[in-house]
Amino acid sequence: MHFPIKHPKTFIMKGPISLLNLEAVNMNLKLVSLIVVLLIAGAAGVYILNGNGSADGNTSPETLGTNKTETHKSGSARIVATQAGPETAKPGTNITLKCKLRNDGEGPAKNVKVSSQDFERSFSVIGPGEQVEFQVQIYIPTEEEVKREFGDDATLSNPYFIGGFGVTYTDMTGKHSTNSNSVEIPLKT
């Protein structure tokens, strides 16, 4: 039985350790390395943005949002912010929003700052168990005013939506922030 002799280049090109295979392996390693670096960078970004890391060097904890579950430390403040408006309103009129800040914690909330698109307030201290209330006037525009401001395709939403206001404060555990509820008011036209 006679076996034909293969040309050496044919063996190199088709063999398991060919130059083409080495280049493909090298490209795959580069691709895998790039994916690993991107995954690590993404995980680090999520870690920092979720408040688990500190991008600005500030080591005091900051609590964001009213829906975040947290453990409450003894002696710390816990501000609950709410707002309420009228049951209905008419476009082109002012409405009154009733805003409340209540400290459900065991310690004082200091340097309390309230801000929204429409107003700002500040309180030096809200003690444990204390509640402060204030009212703000908000103007509800007419359909014509909305079109004049934003263009002919713009419409006045019904119900009229008012976003929540933000609150920041400090206590013995650091700096915290929370948001009030939003309000939707049906409009009578």
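A short reminder: the numbers here are calculations on the coordinates, not readings from a lab. All figures in this text were calculated on a predicted structure; none of them were measured in a lab. Please note: Cβ atoms are built from the backbone with ideal geometry, for glycine as well, and neighbour counts cover all protein chains shown.
If you place +1 on the Cβ of every Lys and Arg and -1 on the Cβ of every Asp and Glu, how big does the dipole about the Cα centre of region 79-185 come out, in debye to the nearest 20? Spell out each step's value before the answer.
On the way: 10 positive and 15 negative charges, 86 e Å.
I would put it at about 420 debye.
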Taking 7 Å along the Cα-to-C-beta vector as the label spot, tell me the Gln117-Ser177 distance in nanometres, rounded to one decimal.
1.7 nm
HN-Hα J in Hz across region 181-186 - Karplus 6.51, -1.76, 1.60, θ = phi - 60°, x for Gly and Pro:
6, 8, 10, 10, 10, x
